[in-house]
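K.L.:
Before anything else, here's the structure in question.
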Amino acid sequence: MSAIATGGRRRGTSRLGWNLLGLLVFVTVGFPVYWMVDTAFKPAKDAIDPDPSLLPTGLTLDNFHRALDIADFWGPVGRSLIVSLSVVAIGIVVGLLAALAISRFAFRGRKIVIVGILAVQMVPAVSMIIPVFLLLNDLGQYDRLTGLIITYLTFILPFTVWTLRGFVVNIPRELEEAAMVDGCSRTGAFLRVVFPLLAPGLVATSVYGFIQAWNEYLYALMLMSQENQTATVWLGNFTTKHGTEYAPMMAGSTMMAVPIVILFLLVQRKMAAGLTAGAVKG
């Protein structure tokens, strides 16, 4: 009886330890977001206070008005939405077809393709700025949204293909074969059987692809002019030779985070299912 009680206490202590660790991770990850939102609603003088308060001392919307007045806000946000949604749409279609080919068909050079996908993801993005700039300039795509979309696709497509491959591999071939025995073509079996099972994986991959394109800064800064800047580059307007306006910058960052939050709220159930569905086989 004592052994059972001792084992129960150990499990309770272990569970408490994991809960405390989870709480610590949550606070560490969530505190920057809290501080951003808190600073966005602070008076500007409190944002640069050398002895800041952790709790809100006063709420104001002046920082949001300043953020909207300092430069065109909706233009950069609209361009970022166009680029991000285009990258996700094209990346999902092309990435899904590539993932199906790699997962379902045996062809010469298949392993080389898989290794190449991994190798591309290991290349530092900063090392490709000059070649990308020269290539886009030769193609007449410099300072154009289409050029930025093509550039983002070169980095997001490998991630998309590799991630979707894990989801496709996790779906048994027998399901397709059974549908084909019942009279479906290969395309019909994919659309009626495989595609619905891939929906959580497609949602999870789309969200991560959208976040990567939405938050990208370096290439948007180097490849786009002031007139065609995206939302991340727009935040640089708050840093001038006179210093940085931290409160309006945090207000702008908060407004930029709204589309991501809304997207997560809309697809959170599919996200959770997708993250677990692709983690079994690889």
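K.L.:
How large is ³J(HN,Hα), in whole Hz, for each residue of region 71-77 in order, when computed from phi with the Karplus curve 6.51 cos²θ - 1.76 cosθ + 1.60 and θ = phi - 60°, using x for Gly and Pro?
P.N.:
6, 4, 8, 5, x, x, 5
K.L.:
Would you work out what percent of the accessible area of region 9-76, with all protein chains in place, is carbon or sulfur (probe 1.4 Å)?
P.N.:
Numbers: 3580 of 5170 Å².
Solvent-exposed carbon and sulfur of region 9-76 make up 69 percent of the total.
K.L.:
Let me ask something additional. Through the Karplus equation 6.51 cos²θ - 1.76 cosθ + 1.60, θ set to phi - 60°, convert the phi angles of region 240-248 into ³J(HN,Hα) values in whole Hz; use x for Gly and Pro.
P.N.:
10, 5, 8, x, 10, 8, 5, 5, x
K.L.:
Where in region 111-191 are there trypsin sites (Lys or Arg not before Pro) that are in a DSSP coil and have at most 16 other Cβ atoms within 10 angstrom of their Cβ? Numbers along the way, then the final one.
P.N.:
Values: sites: 111, 144, 165, 173, 186; in loops: 144.
Sites meeting the loop and neighbour criteria: 144.
K.L.:
OK, next. Output ³J(HN,Hα) for region 227-234: one whole-Hz value per residue in order, computed from phi by the Karplus curve 6.51 cos²θ - 1.76 cosθ + 1.60 with θ = phi - 60°, and x for Gly and Pro.
P.N.:
Rounded to whole hertz, the list is 6, 10, 5, 8, 5, 5, 6, 4.
K.L.:
Between region 129-177 and region 87-106, what's the alpha-carbon centroid distance in Å?
P.N.:
Cα centroid to Cα centroid, the span is 10 Å.
K.L.:
Which net charge results for the neighbourhood of residue 250, defined as the other residues with beta-carbon distances under 10 angstrom from its beta-carbon, given Lys and Arg at +1 and Asp and Glu at -1?
P.N.:
That works out to -1.
K.L.:
Right, next: Pairs of lysines 8 or more apart, or on different chains, with alpha carbons under 25 Å: count those in the chain, would you? Write out the running numbers ahead of the final one.
P.N.:
On the way: 42/241; 45/241; 111/281; 270/281.
Close lysine pairs found across the chain: 4.
The values are calculated or read from the model by the stated rules, or taken from the named source; none is laboratory data. Keep in mind it's a predicted model, so treat the numbers as computed, not measured. Counting neighbours? That spans all protein chains shown, and the Cβs are built from the backbone with ideal geometry, glycine included. To get the accessible areas, we keep the full protein, side chains included, count just its heavy atoms, and leave off ligands, DNA and RNA. Shrake-Rupley method; radii C 1.70, N 1.55, O 1.52, S 1.80 Å.
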